[in-house]
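Participant: Next up is a structure, given as structure tokens.
Just so you know, all these numbers are worked out from the coordinates, no wet-lab data involved. The structure displayed is predicted, hence computed values, not measured ones. All Cβ positions, even for glycine, are placed from backbone atoms using ideal geometry, and neighbour counts span all protein chains on display.
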Amino acid sequence: PLRSAAVGPLLSGSSGRSRRDAAAHPVPPRSPQALCSQPGRPKDYALPNASWSRDMLDLYDRFLAMTKEGLWKRIPSYNNVLDHIPGKALRGLPSRDTRLFLRSIEAEGVGFEYVMFLNSSEKRVVCLFQPGSYLEGHPGFAHGGSIATIIDSTIGSCAIFVAGRVMTANLSINYMSPVPLGSVVLVDSKVDKVEGRKVFLSCKVQSVDGGTLHAEATALFIQLDATKSQKQQASCQ
Ligand SMILES: CCCCCCCCCCCC(=O)SCCNC(=O)CCNC(=O)[C@H](O)C(C)(C)COP(=O)(O)OP(=O)(O)OC[C@H]1O[C@@H](n2cnc3c(N)ncnc32)[C@H](O)[C@@H]1OP(=O)(O)O
């Protein structure tokens with residue numbers, strides 16, 4: 001169902017375990033190292049926590065296994081966007097009490113629970129997303145704005161890895177099927193083409209079993225022009 005054979009098997013048969021299996025075999029505790037940030041580093045939120053469902057954990061484990069084969073890489077996630085930028089670029093910038101929008105809800109499980117994986121050779125980023133109860137739109141379902149946010153961020157991460165400092169110029173979404181709160185969906189984005197400073201991308205949001213297409217999107221990101229205003233540049237940091 002998804003574009004790459006590498007991810008396809010993940011979707012067929014979902015996690016490979018039924019909910020009954022999950023009840024019979026509770027999630028084993030993870031090592032403290034897996035749950036804690038390294039000393040001196042900001043907390044990495046793209047790691048399992050107690051709110052992650054069995055589907056989310058199983059999918060995470062499968063992607064983690066693929067990272068060992070070298071094609072995929074887990075992208076760490078911090079609550080301040082400056083922490084995503086390598087140290088050199090940070091030099092001279094004042095620290096700011098800001099938060100990445102996706103990480104603005106502190107409590108586990110009620111906001112955006114997600115982890116992204118990058119496949120550089122395919123110019124592709126896949127996000128495992130479990131929307132929490134504070135993202136509600138229609139009763140029981142994720143708000144369309146929250147879907148747009150996770151799409152923009154997944155596609156945006158993909159564009160950043162290909163083109164560096166970019167901003168969204170256009171994002172077009174078709175919503176096909178509502179996303180139940182607490183479910184897990186795959187947000188699968190890839191670069192379609194690059195023309196000068198323009199990066200064109202597309203994205204699909206699908207259920208874990210691949211049987212439901214929740215949304216499709218296309219986007220245009222523009223690489224920031226270093227010769228243009230410092231104000232614009234600063235606003236993107
Ligand atoms: C690692 C994890 C980290 C974690 C980080 C997680 C990722 C977060 C990602 C979030 C991303 C966002 O939400 S960003 C926030 C939302 N976006 C914004 O606020 C952007 C507001 N807009 C702007 O600032 C500006 O319009 C820009 C930067 C997009 C473009 O301005 P510019 O640099 O002056 O570009 P300009 O010269 O006008 O245009 C360049 C070329 O692009 C075309 N172009 C420009 N805009 C458009 C457009 N909307 N639709 C079609 N085409 C367009 C022009 O025709 C031109 O084509 P040609 O003549 O060359 O052919």
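Participant: Note the full-extension length gain between residue 73 and residue 197 as 0.36 nm times their separation in residues minus their Cα-Cα distance, in nm to one decimal.
Facilitator: 42.1 nm
Participant: Follow-up question, since we're still on this one. Quick check on my link table: of 73/190; 123/193; 190/228; 43/190; 123/204; 193/228, which ones sit more than 20 Å apart, alpha carbon to alpha carbon?
Facilitator: Over 20 Å Cα-Cα: 190/228; 43/190; 193/228.
Participant: What whole-number volume per residue, in cubic angstrom, does the convex hull of the C-alpha atoms of the stretch 173-232 give?
Facilitator: Hull volume over Cα atoms, normalised by residue count, gives 113 Å³.
Participant: Which net charge results when you count Lys and Arg as +1 and Asp and Glu as -1 among the other residues whose beta-carbon is under 14 Å from that of residue 68?
Facilitator: +1
Participant: Next question. Once phi is turned into θ = phi - 60°, what whole-Hz ³J(HN,Hα) does the Karplus curve with 6.51, -1.76 and 1.60 give for every residue of the stretch 115-129, x standing for Gly and Pro?
Facilitator: In residue order, the calculated couplings are 8, 10, 10, 9, 10, 4, 5, 8, 6, 9, 10, 10, 10, 8, 10 Hz.
Participant: Output the direction-averaged projected area (hull surface divided by four) of the convex hull of the alpha-carbon atoms of the stretch 108-203, in nm².
Facilitator: 6.2 nm²
Participant: For residue 198, give me every one of the aspartates and glutamates with a C-alpha distance below 12 angstrom, ignoring sequence neighbours fewer than eight places off in its own chain.
Facilitator: 225
Participant: Continuing with the same structure: Quick query: amide H of residue 113 versus all other amide H atoms, modeled in the peptide plane; which residues come in under 5 Å with a sequence gap of 5 or more or a different chain?
Facilitator: 130, 132
Participant: Contour minus end-to-end for residue 65 and residue 209, with contour as 0.36 nm per residue of separation and end-to-end as the Cα-Cα distance?
Facilitator: 50.0 nm
Participant: Could you compute the net charge surrounding residue 144? Neighbours are other residues with a C-beta less than 14 Å from the C-beta of residue 144; K and R count +1, D and E count -1.
Facilitator: -3
Participant: Another question, if that's okay. Using 0.36 nm per residue, how much length does the chain from residue 51 to residue 175 gain when fully extended, once their Cα-Cα distance is taken away?
Facilitator: Stretched out fully, the residue 51 to residue 175 stretch lengthens by 42.0 nm.
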